[in-house]
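Engineer: Please read through the structure below; I'll follow up with questions.
The values are calculated or read from the model by the stated rules, or taken from the named source; none is laboratory data. Bear in mind that the values here come from a model prediction, so they are computed numbers and not experimental data. When we count neighbours, we look across all protein chains shown, and the Cβ atoms used for this are built from the backbone with ideal geometry, even at glycine.
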Amino acid sequence: MEKTTLNVQELASVLGISRPKAYELVRQPGFPVIHVGTRILIPKDSLMNWLHEQTKGGINT
């Protein structure tokens, strides 16, 4: 079974950003996160939708 969520370290790796920047990102209003106790999880599908929304109005490919 494939994982459906990422942790912050995995998010940083996937996006090619530092871990501190990933923590900044998950604290932004509107960023898709799930808090489970002290864990921060990012649903993969929601992340892809969020990325798509961020690129609207950008360069069309």
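Engineer: Quick check on my filter: what residues within segment 10-42 are exposed (fewer than 11 other Cβ atoms within 10 Å of the Cβ) and either in contact with a helix residue (DSSP H, G or I) (Cβ under 8 Å, 6 or more places away or on another chain) or part of a helix (DSSP H, G or I) (or both)?
Structural biologist: Passing the criteria: S18, P20, G30.
Engineer: To continue, here is another question. Looking at segment 18-31, is at least one residue touching a strand residue (DSSP E or B) at 6+ places or on another chain (Cβ under 6 Å) and closer than 19 Å to E53 by Cβ?
Structural biologist: Checked segment 18-31: at least one residue is touching a strand residue (DSSP E or B) at 6+ places or on another chain (Cβ under 6 Å) and closer than 19 Å to E53 by Cβ.
Engineer: On to the next question. Do we find that L47 is in a helix (DSSP H, G or I) and either modelled with pLDDT under 95 or over 19 Å from K3 (Cβ atoms) (or both) in this structure?
Structural biologist: For L47, the condition - in a helix (DSSP H, G or I) and either modelled with pLDDT under 95 or over 19 Å from K3 (Cβ atoms) (or both) - is not met.
Engineer: While we're on this one: Quick test of your reading of the structure: T55 fulfils all but one of (1) among the hydroxyl-bearing types (S, T, Y); (2) surrounded by 10 or more Cβ atoms within 10 Å (Cβ to Cβ); (3) modelled with pLDDT of 95 or more. Name the failing condition by number.
Structural biologist: Here T55 clears every test but (3).
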